[in-house]
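Read the structure below first, then the notes.
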Amino acid sequence: MDGECGSGPIPGFLDLLAANPDYSRDPEAQLGPLRRCPVHRDPLSRHVLLSRYADARRILNDDSLWRHPSRADPESIFARFVAVRSPPPDTPPGERSSILLMDAPDHRRIRAPLQKAFHARVFRARPLIEAVIHEALGGVAGRAAIDLVAELAIPIPIHAIAAILGVARDRLLEFRQWSEAIILTLNPFRSAEEESRAQAAAEALHGHFRELMAARRRASADDLVSDMVEAQAGGAPLSDTEIILNLTALLVGGNLTTTDLIASGVRLLLEHPAELRKLRADPALAAAAVEETLRLEGPVDFTPRIAPGPIEIGGETFDEGTPLFALLRAANRDPEVFPDPDRFDLSRRGAPHLAFGGGAHSCIGAALARLEARLFLSLFFERFPAVSLPPQAFAWRRLPGFRGLERLEVVLGPPRHRPRSAP
Ligand code: HEM
């Protein structure tokens, strides 16, 4: 397809990383030229970049495609950045990584019991999450202005997942430190110092999960760790290490992304007063605000699959092992699917966005992220009716593949004192 892409340079995979300041400042300036070439074989990364909604959706939902980077073209960036942290060769397949990078049949074996227990918890988690949000909002209520990222959007998802897992309140500070350090493993360009910090945190967290599992085997509690040891005792074929790796994946996959969703949602609403007025008039629109934030400013920029054999996309055939990257941000602004795609519009109807991926690997935490963000937007704007956005230069996090603000200064104004429950 490259031959038909017209004149001018087409951005490659490395141009689309948050570490590129031009991309962070204005992602659309890079994604725009890519749309001329919606199935783009990038020679440097050896990835195929898919920016059309239809192509992205098709590869996400095709469960015959592979995920583990060891199956990708060994010359590709995707294969190489994971190769540097391969586990010892005798490690059982289910213990090499979390489900995030795993293929069938182990992926299904591990994901099914985890998903069943986790979704049941999320379904009942609303009072717990409301309590976490009220506590966080109460903590800033006397302040004139805050960095919303540091004070609210970071701690809320960490405290919510800690409560769901069953981490004791007196271990919360350590849990938060481990969670924040483990996120460094998401950065393929991390320094040696960051790597050792992340490894130390992972070991401490894994040790804590082992203790919790032992404690719950002695006496069950109302939490996800109990659910998982009970599932195992009831015959679910899961090793202790598999449980621990995948409970850890809930933090790695869930905390920063939900932080970014909350902060981007607040920013977009404050930047679009007419939409905020609609939300204030009808608090049930919080769900629409969350979906529109996910579409327009999704926390994850792309997600990969690997061709399991020759595959045809957009009239071209790609060989087995070709990494295929669904560019979620580009797909979610595809003008063929979303009219006036760059507009933040709470009344938007039509095709669902792809911010949570799709198919067998679709985000296991989507319901939790949506619940947290929806409750947060409702309760935050209700509690702070005069909140405003002071002039500021936005700095975006430099973590490749993710889209989130480093800081978000907001002027809170006087709080309303009697918080209501969210709709
Ligand atoms: C707004 C917040 C979130 C966004 C935008 C997001 C996005 C994503 C995306 C794009 C994927 C890959 C999907 C694919 O390749 O098809 C994914 C997978 C995953 N997410 Fe999320 N996520 C969010 C929140 C969460 C939360 C709250 C959790 C857990 C508490 C979580 C845990 C995971 C896990 C474990 C996977 C791997 C699933 C698998 O490969 O089977 N995520 N997420």
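The values are calculated or read from the model by the stated rules, or taken from the named source; none is laboratory data. Remember, predicted model here, so these are calculated numbers, not experimental data. Backbone-built Cβ (ideal geometry, glycine too); neighbour counts: all protein chains shown. Calculation scope for accessible area: heavy atoms of the full protein, side chains included, ligands and nucleic acids excluded. Shrake-Rupley method; radii C 1.70, N 1.55, O 1.52, S 1.80 Å.
Note on segment 106-134: residues that are more than 23 Å from V229 (Cβ to Cβ) and away from the ligand (no atom under 12 Å from the Cβ) amount to 7. Looking at this structure, is F356 crowded, with 24+ Cβ neighbours inside 10 Å, within 11 Å of the ligand (Cβ to nearest atom) and among the aromatic types (F, W, Y)? Criteria not met by F356. Is it the case that segment 257-264 has a residue that's part of a helix (DSSP H, G or I) and closer than 30 Å to R46 by Cβ? Yes.
With respect to (1) touching a Pro at 6+ places or on another chain (Cβ under 7 Å); (2) within 16 Å of the ligand (Cβ to nearest atom), the lone exception for P335 is condition (2). All of (1) surrounded by fewer than 21 Cβ atoms within 10 Å (Cβ to Cβ); (2) in contact (Cβ under 8 Å) with a residue 24 or more places away in the chain; (3) of a type outside the set (V, I, T); (4) farther than 19 Å from A366 by Cβ hold for R277 with one exception: (2). Is segment 56-71 home to any residue that is part of a loop (DSSP other than H, G, I, E, B) and over 15 Å from I306 (Cβ atoms)? Checked against the condition, which is being part of a loop (DSSP other than H, G, I, E, B) and over 15 Å from I306 (Cβ atoms), segment 56-71 yields no hits at all. When segment 341-379 is filtered for residues that are over 21 Å from the mean Cα position of the chain (by Cα) and within 27 Å of D103 (Cβ to Cβ), nothing remains.
Screening R176, R210, R218 for residues that are under 20 Å from A369 (Cβ atoms) and among the basic types (K, R) leaves exactly one candidate, R176.
You will find that of R370, R329, the residue that is among the basic types (K, R), near the ligand (Cβ under 10 Å from one of its atoms) and at pLDDT 95 or above is R370 and no other.
I'd like to know if segment 248-271 contains one or more residues that are within 13 Å of the ligand (Cβ to nearest atom) and among the acidic types (D, E). Taking every residue of segment 248-271 in turn, at least one turns out to be within 13 Å of the ligand (Cβ to nearest atom) and among the acidic types (D, E). In the condition set (1) within 23 Å of T322 (Cα to Cα); (2) open to solvent by 10 Å² or more (accessible area, probe 1.4 Å); (3) at pLDDT 90 or above, M1 is compliant with all but (3).
Scanning segment 39-63 for residues that are closer than 27 Å to R108 by Cα and open to solvent by 70 Å² or more (accessible area, probe 1.4 Å) yields R57, R58, N61, D63.
The set of residues from segment 280-296 being more than 10 Å from the ligand (Cβ to nearest atom) and in contact (Cβ under 8 Å) with a residue 24 or more places away in the chain comprises R280, P283, A284, L285, A286, A287, A288, A289, E291, E292, R295, L296. Where helices (runs of 4 or more DSSP H) fall wholly inside segment 149-246, the ranges with 3 or more residues that are open to solvent by 40 Å² or more (accessible area, probe 1.4 Å) and at pLDDT below 95 are 172-182, 192-218.
Taking the conditions (1) in contact (Cβ under 8 Å) with a residue 12 or more places away in the chain; (2) under 21 Å from the mean Cα position of the chain (by Cα) in turn, H134 satisfies each one other than (2).
Out of L101, L114, report the one residue that is among the aliphatic types (A, V, I, L, M) and either open to solvent by 30 Å² or more (accessible area, probe 1.4 Å) or at pLDDT below 95 (or both).
Unique residue meeting the criteria: L101.
When residues in segment 383-423 are screened for being under 30 Å from P21 (Cβ atoms), away from the ligand (no atom under 13 Å from the Cβ), not small (G, A, S) and not in a loop (DSSP other than H, G, I, E, B), 5 of them pass.
Is there any pair linking a residue in segment 52-76 that is small (G, A, S) to one that is in a loop (DSSP other than H, G, I, E, B), with Cβ under 7 Å and at least six apart or on different chains, and which? Between residues of segment 52-76 that are small (G, A, S) and residues that are in a loop (DSSP other than H, G, I, E, B), the close pairs are A56/L354; S64/P308; A72/G321; S76/S45; S76/R46.
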